[in-house]
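The values are calculated or read from the model by the stated rules, or taken from the named source; none is laboratory data. Since the model is a prediction, treat every value here as computed from it, not as a measurement. Neighbour counts run over all protein chains shown; Cβ positions are idealised from the backbone, glycine included. Protein only, heavy atoms only, side chains kept; ligands, DNA and RNA dropped before computing areas. Shrake-Rupley method; radii C 1.70, N 1.55, O 1.52, S 1.80 Å.
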Amino acid sequence: MDAPQPADGQDPINPQPYEARAGLSRSELGSEDFLAANGITQLTVVDSTGSTNADLLQGVTVDPRAWPDLSVLTAEHQTAARGRLDRHWEAPPLSSVLVSIVLRPVNAEGRPLPTHTYSWFSLLAALALREALLETAGIPAEIKWPNDVMVRGRKIAGILAQLGPMGDGTVPPVILGTGLNVTLTAAELPVPTATSVLLENARTVDRTALLKSYLSRFAALYRSFCNADGDPAAGLGGGPSLHKRVESVMSTLGKQVRAQLPGDHEIIGHASRLDEYGSLLVVDAARHEHVVTAGDVVHLRPWTPPGSGGGTAAEPGTGASESGYA
């Protein structure tokens, strides 16, 4: 089946803005059947806001009981979005899936997950989004550690997890933000090495369908992970573990990388695997294994040894939206 073409025969790489943009279907997203089937406690759509993550962080601070587990906030436009390490980015209205979720992780008996398991939530979200893109839009995607979703080497989405307040005696909440480029044209991309659903000739650019697919897959993986007490080595839903699923679709592994750390420190070596906390293990030339955590790394870039014909490779997706929720 051929991919749908933009309205009026417009070429998706034309420098003019993409005009066939529609708002999210609030009736579909707010359907009781959809919400109940996925355990979503509430879903709010707003026309515009500064940042859905910032809104939910404020919400869980001011009135924690108003934002239970799997509360969802999505926006048609964000004006002050921030990514990882406070990187700023902005996309045209109605062009992206911009969604944040409140997580209060407990198992089936109501026992809170250890907070060290929270480091897996960004990767779990990336896995859910990858599955949604493949099954809904027909786009093959991969995960780039620590929190980006890539298509053919270009960034299509970013994810940002932020820890909420811990002082009220309840389960410490996590705010998980995801941003997916949907109908951005080449001229609207934040950097030339990014991409969008539209530019990948997808089966659909319906943001409502993509958002519902992502939320459904995320909720199923999240609940299974919680019921396994946050054990990344436990099977999920009768299938492989989260650890194995993420490693199997991670483009970072098996590559030579340069991890830039705070204070101008760097580690160069072979990205070998993920540890039990979702950190990246990098083996240097002296065969020393280094643990690189998502919270510490400033940039993670492919690396080519000097004199091998390439120098240091450029990182896909760098710029305003790199490693953010984009």
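Averaged over its residues, the stretch 100-200 has an accessible area of 30 Å² per residue, based on protein heavy atoms and a 1.4 Å probe.
Ordering Pro190, Ala285, Tyr214 by the projection of their Cα atoms onto the charge dipole of the stretch 187-285, which places +1 on the Cβ of Lys and Arg and -1 on the Cβ of Asp and Glu, puts Tyr214 at the extreme positive end.
Coordinate range of the alpha-carbon atoms in the stretch 151-256 per principal axis, descending: 47, 35, 32 Å. For the stretch 117-187, the relative contact order works out to 23 percent when only alpha carbon pairs closer than 8 Å and six or more residues apart are counted. For the stretch 93-199, dividing the convex hull volume of the Cα atoms by the residue count gives 118 Å³ per residue. Take 219-225, 109-115 and order them by the average number of nearby Cβ atoms within 10 Å per residue, most first; the result is 219-225, 109-115.
Working note: Debye formula, equal point scatterers on the alpha-carbon atoms of the stretch 244-303, no solvent; log10 I(q)/I(0) at q = 0.13, 0.14, 0.21 Å⁻¹ is -0.29, -0.34, -0.76. For the stretch 26-148, treating each Cα as an identical point scatterer without solvent, what Debye log10 I(q)/I(0) comes out at q = 0.17 1/Å? The calculated log intensity ratios at q = 0.17 Å⁻¹ are -1.15.
Could you rank the peptides 208-214, 275-281 by their average count of other C-beta atoms within 10 Å per residue, with the highest value first?
Working: 208-214: 21.4, 275-281: 18.0.
My ranking of the peptides, most packed first, is 208-214, 275-281.
Let me know the shape class of the stretch 168-217, please: from the alpha-carbon gyration tensor, a ≥ b ≥ c as square roots of the eigenvalues, rounded when a/c is under 1.5, otherwise prolate if a/b is greater than b/c, or oblate. Oblate shape, in that a/c is at least 1.5 and b/c is the bigger or equal ratio. Of all accessible surface on the stretch 178-251 at a 1.4 Å probe, what whole percent is carbon and sulfur? The nonpolar share, carbon plus sulfur, comes to 51 percent.
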